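Undergrad: The structure that follows is given in the form of structure tokens.
The values are calculated or read from the model by the stated rules, or taken from the named source; none is laboratory data. Computed from a prediction, not measured in an experiment: that's the story for all the values here. Positions of Cβ are backbone-derived with ideal geometry, glycine not excepted, and every protein chain shown enters the neighbour counts. Calculation scope for accessible area: heavy atoms of the full protein, side chains included, ligands and nucleic acids excluded. Shrake-Rupley method; radii C 1.70, N 1.55, O 1.52, S 1.80 Å.
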Amino acid sequence: MTTPARRYSRAGTASPATNPTLAISSSGGGSPRSVISLPSIRRRFCRSTGTPALLNMRNSKELSVPFCFDLYSKYEKLKEADAGFVGDSLNRNMFVSLFCSLRSISNEVKKWRPAGADRGFTFFQYNLTIAYHRTNLLARYGRWSANTNGGDLESLGFKEGYRVDVDIPGGTWADAPRFHDILILNTGHWWWAPSNFDPVKSPMLFFENGQPVIPPISPEVGIDIVLKHMVSFIDKRMRPGLIKFFRTQSPRHFEGGDWNQGGSCQRLEPLSPEQVEELFSLKNNGTNIEPRLVNQHLFKALKGSDFRILDITRMSEFRADAHPSTAGGKKHDDCMHWCLPGITETWNELFIEHLNNIKVRN
């Protein structure tokens, strides 16, 4: 059975084929915090000094994806689709990048926010909806405090931490597999974030079937279990014909320490292959090993599944020059997110080419 395509009118109303959980604000769009304008996006993500990232986007020989200047032709491949980006702020970075590109060639756009989504838009020219669902771990999590009546974790000396339900998806995206035609997922950055999940003061405490996992497990084990459950959840809940992507880990480029240790990213040119290995090799156990470490878990969990892997890690490792750095509006250098325009355009080109290959084969 083929699910009818959703269609939207310029007045902002949806046809009966639209998922009934689609939420619309009284102004015809999403909630006030979902409003995005091109100038505010560029202020948020674009570096104010150095060479604009788009101009040297293909400087590295490692970036072999052909650049497409015909935006109209490129985004024809997204016609009649509902694409959902599910993940942390790096997937938001990719979502915003796609929004900017679409907005530059199409003025017929209206704010929409599917249930649970942080923000979303419909482009009438392409009958295309894109949305971003924020989730840091994919699984549901929240603060946990010891029960005065005691329990398994309390008996082991735990007083507080974060409860992570490995078999329950975060509420922000639980309905996404039923609504969207295309999903692009990611997770990783928050799994090794001692500033958020201090292993002593506020550790991750994993629960399965409503009960704590005893003996307690480490995040390295927890992420494997979460990924297994989330892949299974999507397969059981997805709408017919859903195309599923999992994006590999986006690299950080902190040098001289981590973000809270004075680390910075002031380079104006891409790295050489030798510099990439020095910065990211697992053997060096440095500040930026996270992407290759996370990817090992992703590849293991997705083996044998029908998820398409959107592998952006290697090409992005070279782009130490493409972060907001001191222009990120933070007290520290932002060496994790990416300037717009920049490398995230390449991610989206790769995504669209994968999508086109799938459609051609079908």
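Undergrad: Could you grab me the full set of residues in segment 111-124 that are assigned to a loop (DSSP other than H, G, I, E, B), open to solvent by 10 Å² or more (accessible area, probe 1.4 Å) and modelled with pLDDT of 90 or more?
TA: If the condition is that a residue be assigned to a loop (DSSP other than H, G, I, E, B), open to solvent by 10 Å² or more (accessible area, probe 1.4 Å) and modelled with pLDDT of 90 or more, then Gly116, Asp118, Phe124 are the ones that fit.
Undergrad: Ok, one more. Just give me the residues in segment 307-327 being open to solvent by less than 30 Å² (accessible area, probe 1.4 Å), more than 19 Å from the chain's Cα centre (by Cα) and among the hydroxyl-bearing types (Ser, Thr, Tyr), in sequence order.
TA: Passing the criteria: only Ser325.
Undergrad: Take segment 328-354 and flag every residue that is over 17 Å from Phe99 (Cα atoms) and open to solvent by less than 30 Å² (accessible area, probe 1.4 Å).
TA: If the condition is that a residue be over 17 Å from Phe99 (Cα atoms) and open to solvent by less than 30 Å² (accessible area, probe 1.4 Å), then Gly328, Asp333, Asp334, Cys335 are the ones that fit.
Undergrad: I've got another one for you. Which of (1) open to solvent by less than 60 Å² (accessible area, probe 1.4 Å); (2) touching a residue at least 60 places away in the same chain (Cβ under 8 Å) is the odd one out, the single condition Trp192 does not satisfy?
TA: Result: Trp192 passes all but (1).
Undergrad: Of all residues being surrounded by 21 or more Cβ atoms within 10 Å (Cβ to Cβ) and basic (Lys, Arg) in segment 230-271, which is modelled with the lowest pLDDT? Just the residue, please.
TA: Arg252
Undergrad: So, one more: Answer yes or no as to whether Lys303 is farther than 30 Å from Pro177 by Cβ and free of Cβ contacts under 8 Å to residues at least 24 places away in the same chain.
TA: No; evaluated as a whole, the condition is false for this residue.
Undergrad: Of all residues in segment 113-127, which are farther than 17 Å from Gly87 by Cα and under 19 Å from the mean Cα position of the chain (by Cα)?
TA: Phe121, the sole residue that qualifies.
Undergrad: Within segment 72-98, how many residues are open to solvent by 10 Å² or more (accessible area, probe 1.4 Å) and touching a residue at least 12 places away in the same chain (Cβ under 8 Å)?
TA: Here the count works out to 8.
Undergrad: Starting from residues that are in a helix (DSSP H, G or I) and without any contact (Cβ under 8 Å) to a residue 12 or more places away in the chain, keep the ones in segment 125-180 and report whichever is least open to solvent (accessible area, probe 1.4 Å). Reasoning before the result, please.
TA: So in segment 125-180, the residues in a helix (DSSP H, G or I) come out as 152-155, 176-179.
So of that shortlist, the ones also without any contact (Cβ under 8 Å) to a residue 12 or more places away in the chain come out as 154-155.
Values: Glu154: 44, Ser155: 93 Å².
Residue satisfying both the conditions and the ranking: Glu154.
Undergrad: Please specify each residue of segment 93-110 satisfying the condition of being in a helix (DSSP H, G or I) and of a type outside the set (A, V, I, L, M, F, W, C).
TA: Asn93, Ser97, Ser101, Arg103
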